[in-house]
Amino acid sequence: MKVKLSQAVKMFFGNSSLEMVYFEAIANALDANATEIRININAKALNQPETLKIEISDNGEGFTDERYKKFSKLFDVDESSHKGLGRLVYLCYFEDIKVSSYYNRTKKREFDFSEEFDENKFKILEVDENPSGSTFQMNGYTLRKIAKNDFIQPKKIKQRILEEFYARLFQLKRDGIPIKITIESTVEEKKSTAIIENSDIPEFTMIELNSSINIFDKFDLYYSIKEVEPADTSFIAAITVDQRTVKVDLISNENLPIGYEMIFLLYSDYFKGRIDASRQSLTISAQELRDIQNLFRKEVASIIESQIPKIKTRNTEVKKSLINRFPHLGGYFDTQNIGYISRNDILKKAQEEFFREQKELLDAKSLNDEQYEKSIELSSRALTEYILFRQLTIEKLRKSTSENSETELHRLFASMRKDGKFEKNEAINDLYRNNAWLLDDKYMTYETVLSDREMGELVQVITDEEDEDDGRPDIALIFSNNPDKKKPFDVVIVELKKRGISLEENMKVVTQLEKRARKLMKHYDNQIQRIWFYGIIEFNDDVEQQLAGEYTELYSCGKMYYRETKVAVSLNPKIILPIGVFIWDLDAVIKDADARNSTFLNLIKSKFLNK
């Protein structure tokens, strides 16, 4: 039965890369007992991919009748370690591959390999005695561009070949077989060369691993660690499958030890034949892969920390910083992998475990003693998470500059406009959107918070009266009691100004507050029992001098001034009422909030860090 090659190429190599052409050619050459392999790459220019030509030659046994028969038939293999498909990758990139091969001393076989390949179309010539070997000339590059410059740079190709064939080349070196692979590239008339020889293969140390993954197959780890220049830092961790390697993600780039070349190869008969037809992915379950990764990473981490003690010290410091920064996740961190997988992944995994345990408890209909103790612990962690969020908000506010708009500052205090109304019965869902605690923690007992909402809406909330006034206070809070229940309640009005504005713009906050007072004070001593008016601005010498004459300075970690003034709320009859106005330095708001929050934060840290 004939196989349509164009369909087979798409089916098995739909996600390939140009470097796989080199890998397949080298694997076939080594199967043919070649000891010398040469790769020649030519292109007029990088932006002219149609000019790319690759020639790969070797001194192997050549295409004997038996080898040609196997080449001609897909899946015709002697053992599971071979897939019988690799040469299809050539057709992913080139329309035509001309093959010439010397074998049996005096014979030369010539044929074309393309999507229309016919195994019966070949030539056999009788020639003078000639060393055996094969040459593949690849022409007619089919893609519109060369995906990566690395694919045609000898130095990069050399590294990738080593990564792919470390296991096999190490075996050949150990058996005393000399190997030489030459890679030459001529692009834009610039020639470069790289050579792989036995000396490029390190002397590996081998240890047998204790594993419960499979009781029948043992796992051996071969490794090499040597110091190099920082620019030559490299790390390879791979599983050896059928004398090839499959990379395994063990250490994130952010955690790579600088100044070392590290190679770790995991051997086991357990992996024999367990790779897909294109040799790109292991054919094992996700759980099996996780178990192998955990085993592999644990051993690699142990070796690295014993060989490079400073890495263990670094990882200990990373652990301390994580617990100090995220104390509510203490005990959930995967301490075994700290310093190896990325910090974000460590945090994500800890957070997911924290949420999982929370969900289990929340879903429980009743709690046993153990679950009850766990619920107390999780509650303290949830509180810690909220305290940490508050600290992050404080830090964002602290880092604000004159470049930040008033709107940006406002959003740090509370969401605006459409999302800017908060009700007591939804308080638990609004914890991370409403930061009234920046002013004072007592304001978190609010009944309603209106953020950048119309003054008329505030009056309506208080009195059920319609009001067309569209002047917006930045933040308005009603707290201590529900206006609907006709009980006395408190109101807070806040006006914000951005940093870096003029004295005149800053002092407009007083006028704005007095305007709000006139609207609200007619309800004073009726429903409203207390009203606080806050103007939050950036202080400087001019502002303080303006305030010092009429205002009284109050206690704060920074600067806060207070003044009582009289406001006419009605002319007929004439009603004048006193109001109190606080003018608060933005930095003082930050320092006061930080002082309050730090008390909780330091207490929490002391508890978690001592666990």
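The values are calculated or read from the model by the stated rules, or taken from the named source; none is laboratory data. All of these numbers come straight from a predicted model, not from anything done at the bench. Methodologically, a virtual Cβ is constructed for each residue, glycine included, from the backbone with ideal geometry; neighbour enumeration extends over all protein chains shown.
Taking the range 101-152 as the range and being aromatic (Phe, Trp, Tyr) and in contact with an Asp or Glu (Cβ under 9 Å, 6 or more places away or on another chain) as the test, the residues that pass are 103, 111, 113, 122, 136, 141, 151. Against the condition farther than 24 Å from residue 353 by Cβ and among the aromatic types (Phe, Trp, Tyr), how does residue 270 come out, does it pass? Taking the combined requirement at face value, the residue satisfies it. Looking at the range 42-89 only, could you name the residues that are touching a helix residue (DSSP H, G or I) at 6+ places or on another chain (Cβ under 6 Å), modelled with pLDDT of 85 or more and not acidic (Asp, Glu)? 43, 44, 56, 60, listed by residue number. On inspection, residue 354 does not qualify as surrounded by 12 or more Cβ atoms within 10 Å (Cβ to Cβ), among the aromatic types (Phe, Trp, Tyr), in a loop (DSSP other than H, G, I, E, B) and not assigned by TED's automatic domain parsing to the domain that holds residue 251. Here residue 180 passes the criteria (1) closer than 19 Å to residue 28 by Cβ; (2) of a type in the set (D, E, K, R); (3) modelled with pLDDT under 95 except the one numbered (3). Looking across the range 239-267, just one residue is in contact with an Asp or Glu (Cβ under 9 Å, 6 or more places away or on another chain), at negative phi and not in a strand (DSSP E or B), and that is 252. Of all residues in the range 122-151, those satisfying the criterion of being outside any strand (DSSP E or B) and within 17 Å of residue 17 (Cα to Cα) are 142, 143, 144, 145, 146, 147, 148, 149, 150, 151. Strands (runs of 3 or more DSSP E) fully within the range 156-238 that include at least 1 residues being in contact with a strand residue (DSSP E or B) (Cβ under 7 Å, 6 or more places away or on another chain), among the aromatic types (Phe, Trp, Tyr) and farther than 23 Å from residue 255 by Cα: 219-227. For first residues located in the range 320-338 and free of Cβ contacts under 8 Å to residues at least 60 places away in the same chain, partners that are small (Gly, Ala, Ser) and lie 6+ apart or on another chain with Cβ distances below 8 Å form the pairs 329/350; 332/350; 333/350; 334/350; 336/301; 337/301. Of the candidates 519, 508, the single residue that is among the charged types (D, E, K, R) and more than 47 Å from the chain's Cα centre (by Cα) is 519. Is there a residue being in contact (Cβ under 8 Å) with a residue 40 or more places away in the chain, surrounded by 14 or more Cβ atoms within 10 Å (Cβ to Cβ) and farther than 19 Å from residue 265 by Cα anywhere in the range 196-219? No, the range 196-219 contains no residue that is in contact (Cβ under 8 Å) with a residue 40 or more places away in the chain, surrounded by 14 or more Cβ atoms within 10 Å (Cβ to Cβ) and farther than 19 Å from residue 265 by Cα. A single member of 555, 562 is under 21 Å from residue 440 (Cβ atoms), in a loop (DSSP other than H, G, I, E, B) and free of Cβ contacts under 8 Å to residues at least 24 places away in the same chain, and it is 555. When the test is whether a residue is of a type in the set (D, E, K, R), at pLDDT 95 or above and either assigned by TED's automatic domain parsing to the domain that holds residue 45 or touching a His at 6+ places or on another chain (Cβ under 9 Å) (or both), residue 156 does not pass it. Just one of (1) under 28 Å from the mean Cα position of the chain (by Cα); (2) more than 15 Å from residue 163 (Cα to Cα); (3) hydroxyl-bearing (Ser, Thr, Tyr) fails for residue 270. It is (1). Filtering the range 108-121 for residues that are among the polar types (S, T, N, Q), under 17 Å from residue 60 (Cα atoms) and not in a strand (DSSP E or B) leaves an empty set. Of all the numbered requirements in (1) farther than 25 Å from residue 30 by Cβ; (2) free of Cβ contacts under 8 Å to residues at least 24 places away in the same chain, residue 147 misses one, and that requirement is (2).
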